[in-house]
Amino acid sequence: DPSAALNLLEAAAALGHAPAQSALGIAHAKGHGNLPVNRNEAIRWFRKAAVQGHADSAFNLVALCDARPSCLQGDAEQHLLWLQLAAAENMT
């Protein structure tokens, strides 16, 4: 049941579980689980996971934002750290 799965994913993400936040970002970016595509929500969830060091989310955040600082938020040092995190996992 996609709705039940989405509810569980949202609950885990709200509790700060980075992999769930990343999965929720993907769901919003792609419109999975009966969600409409919502770039802003995807960015919000990717950012929450990236701040915790989640490499997939760091990469997805930078990619979704096309590396534009106004979209990424934070300072240039944080953006560089996210890119380095993704690169360390061979994601670039």
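The values are calculated or read from the model by the stated rules, or taken from the named source; none is laboratory data. Treat the numbers as computed from the prediction; the structure is a model and nothing was measured. Methodologically, a virtual Cβ is constructed for each residue, glycine included, from the backbone with ideal geometry; neighbour enumeration extends over all protein chains shown. Side chains are part of the model used for accessible areas, which takes the heavy atoms of the whole protein and leaves out ligands, DNA and RNA. Shrake-Rupley method; radii C 1.70, N 1.55, O 1.52, S 1.80 Å.
What number of residues within the range 24-35 satisfy the criterion of being open to solvent by 40 Å² or more (accessible area, probe 1.4 Å) and either of a type outside the set (D, E, K, R) or under 19 Å from residue 86 (Cα atoms) (or both)?
Looking only at the range 24-35, we keep the residues that are open to solvent by 40 Å² or more (accessible area, probe 1.4 Å), and these are 26, 30, 32, 34.
Next, only the ones that are either of a type outside the set (D, E, K, R) or under 19 Å from residue 86 (Cα atoms) (or both) stay: 26, 32, 34.
Residues that pass the stated criteria total 3.
For first residues located in the range 36-53 and open to solvent by 40 Å² or more (accessible area, probe 1.4 Å), partners that are of a type in the set (D, E, K, R) and not in a helix (DSSP H, G or I) and lie 6+ apart or on another chain with Cβ distances below 7 Å do not occur.
Candidates in the range 63-90 are the residues that are of a type in the set (A, V, I, L, M) and open to solvent by 60 Å² or more (accessible area, probe 1.4 Å); of these, the one that is modelled with the lowest pLDDT is 76.
Being without any contact (Cβ under 8 Å) to a residue 24 or more places away in the chain and either surrounded by 12 or more Cβ atoms within 10 Å (Cβ to Cβ) or under 26 Å from residue 80 (Cβ atoms) (or both) is the requirement here; does residue 60 meet it? So residue 60 fails the test.
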